[in-house]
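To start, the structure itself, in structure tokens.
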Amino acid sequence: MDYQLATLGLQLPTDPRWVNIAEMNIEEILVDHAYCEQKAASSCISMIVQYPDYEKLVQILTPVVAEEWSHFERVLEQLDQRGYKLGKPRKDQYVVELLKHIRKGVGKEQKLLDQLLVNALIEARSCERFKLLWQNIEDQKLSKFYYELMVSEAGHYRNFLDLAKEYLSEEQVDQRWEEILKIEADIIRNLEVRGDRMH
């Protein structure tokens, strides 16, 4: 499977400095990563609760909830093995900025489209960063761990895009996806490069 930037749709690669700084702050990265997985599970639960009559959405996102929660548990294991504590959740400025672009005052399906595409984008960026960790960190156990999660996140990214096309036309999805990709690139461009955050 090809995990290159083009495959994920991302328009701007992560700053190459990020992975080097992250490796020097593995405890902080793992703590932040744990909360990212918890939030991913919560986001899927929220969509299931908001759209219970969308059968395909419920069917696809229910196992994603379980998988994201299992990732949370696996990150906790990595923390425990290294003698680290979970600590308190941190503000994810990247996600905060993305969520500002979920449109208000639009139809139900247009709002759902934005929610699905934002979730797809978060999974795509996570996948890209997991790849950087897999390929560049010296800790072989952690490298293998991030390879496994990279593969999983790529699957989730596709789930969200496929669901969007289940409920809206391919043309609508593709047009909005291009808009959101440009927004995300601007967010990445303007965020401080921090090695204590997954995003």
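Every number here is computed from the coordinates shown, using simple stated rules; none is lab data. Everything numeric here is computed off the predicted structure, so don't read it as measured data. Neighbour counts are summed over all protein chains in view; Cβ atoms, including those assigned to glycine, are modelled from backbone coordinates with ideal geometry.
Let's see how each residue does on (1) part of a loop (DSSP other than H, G, I, E, B); (2) within 17 Å of the chain's Cα centre (by Cα); (3) without any contact (Cβ under 8 Å) to a residue 40 or more places away in the chain:
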| position | (1), (2), (3) |
| --- | --- |
| 13 | yes, yes, no |
| 19 | no, yes, no |
| 30 | no, yes, no |
| 43 | no, yes, no |
| 62 | no, yes, yes |
| 69 | no, yes, yes |
| 73 | no, yes, yes |
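If you go through segment 160-190 and keep only what is within 27 Å of residue 45 (Cβ to Cβ) and either hydroxyl-bearing (Ser, Thr, Tyr) or not in a helix (DSSP H, G or I) (or both), you end up with 167, 168. Take the conditions (1) among the aliphatic types (A, V, I, L, M); (2) assigned to a helix (DSSP H, G or I); (3) surrounded by 14 or more Cβ atoms within 10 Å (Cβ to Cβ); residue 102 misses just one of them, which is (2). The residues listed here are 57, 79, 99, 8; of these, the one that is over 18 Å from residue 162 (Cβ atoms) and in contact with an Asp or Glu (Cβ under 9 Å, 6 or more places away or on another chain) is 79. Within segment 50-60, restricting attention to residues that are assigned to a loop (DSSP other than H, G, I, E, B) and surrounded by fewer than 14 Cβ atoms within 10 Å (Cβ to Cβ), the residue that is nearest to the chain's Cα centre (by Cα) is 52. For first residues located in segment 173-186 and touching a residue at least 24 places away in the same chain (Cβ under 8 Å), partners that are of a type in the set (Gly, Ala, Ser) and lie 6+ apart or on another chain with Cβ distances below 6 Å form the pairs 173/164; 181/9. Of the set (1) under 27 Å from residue 63 (Cβ atoms); (2) in contact (Cβ under 8 Å) with a residue 40 or more places away in the chain, all apply to residue 93 but (1).
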